[in-house]
1. Kirkwood Rh, Cα Rg: Rg to Rh for region 126-191?
2. Order of 146, 62, 175, 97 from fewest to most other C-beta atoms within 10 Å?
């Protein structure tokens, strides 16, 4: 029988590889159907989504996540199983399987960092409108007496925002203005 022809070393690696590959497949299925779409791994130990050890505080590269550890054992298990057929010493097979697992761990960390970078929380930051040229949509009364409206591109979206001017003259519809500051969600503008 096939199982009996395996060494103890290969049997251990095979069991580890099958177990963690099954967990990896379940994780992928859950991500595809949306059950794992919260950015975390289903366990929230510190309130920020994914239990991890951040090895580079500035870049946000998290290596020791649930997904990373599962990938480490799955890839390392299959590598150890494949190399443990007696063609090389078991210690070398174990070292190569650990190295392969570490490569998988780093690749999963980089992939998750890239995926998180693609996501957006959807919050519009009106401070990003400061310095942009906009077009007046509804006339803006002078001396901040009332509000008008402008259209301006903020964070890649064309937005219609409330606007005021500190100038002495009203700014007519169709005029070009520059946003000089964000005053509590209202753009303060000046004529260009």
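1. With Rg and the Kirkwood Rh in hand, the quotient comes to 0.92.
2. 146, 175, 62, 97
Any read-out appearing in this document is the output of simple, stated calculations on the displayed coordinates, not a laboratory observation. Small disclaimer: the values here were computed from a predicted structure and weren't measured. No Cβ is skipped: glycine too gets one built from the backbone with ideal geometry, and neighbour counts run over all protein chains shown.
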